[in-house]
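I have placed the structure first, in the form of structure tokens, so that the comments after it can refer back to it.
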């Protein structure tokens with residue numbers, strides 16, 4: 001599903017215009033991204049939880065040359081779907 005299709009579904013389901021649905025979706029995703037960026041967890045009951053986790057430094061392999069490379073530690077976003085979403 002694309003963002004445009006999601007906006008159309010939100011608009012139809014809520015009985016609002018596509019412009020209002022787009023604004024609501026953009027505001028929601030910005031709020032989630034801002035909270036996760038600060039290190040907060042965002043739990044949407046019945047949907048899932050967004051959080052950040054630290055990924056440790058590790059050694060990888062360059063697929064083109066086969067040479068070993070060092071991959072730096074970093075923070076990544078994690079999403080865990082709720083049981084209701086998975087069925």
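The values are calculated or read from the model by the stated rules, or taken from the named source; none is laboratory data. For clarity, every value in this text was computed on a predicted model and none was experimentally measured. Cβ sites come from the backbone with ideal geometry, for glycine too, and all protein chains shown count toward neighbours.
Brief remarks follow.
- Scanning the stretch 1-27 for residues that are surrounded by 13 or more Cβ atoms within 10 Å (Cβ to Cβ) and out of contact with any helix residue (DSSP H, G or I) (no Cβ under 9 Å at 6 or more places or on another chain) yields one hit, 23.
- Scanning the stretch 37-49 for residues that are at positive phi, part of a loop (DSSP other than H, G, I, E, B) and either out of contact with any helix residue (DSSP H, G or I) (no Cβ under 8 Å at 6 or more places or on another chain) or surrounded by 10 or more Cβ atoms within 10 Å (Cβ to Cβ) (or both) yields a single hit, 39.
- Test result for residue 34, in contact with a strand residue (DSSP E or B) (Cβ under 6 Å, 6 or more places away or on another chain) and either at pLDDT 95 or above or assigned to a helix (DSSP H, G or I) (or both): no
- Residue check for residue 16: modelled with pLDDT of 95 or more, in a helix (DSSP H, G or I) and either over 12 Å from the mean Cα position of the chain (by Cα) or over 28 Å from residue 73 (Cα atoms) (or both): no
- The stretch 56-84 - residue that is more than 24 Å from residue 37 (Cα to Cα) and surrounded by 10 or more Cβ atoms within 10 Å (Cβ to Cβ) and, of those, modelled with the lowest pLDDT: 84
- Meets criteria (over 17 Å from the mean Cα position of the chain (by Cα), assigned to a strand (DSSP E or B) and touching a residue at least 12 places away in the same chain (Cβ under 8 Å)) for residue 52: no
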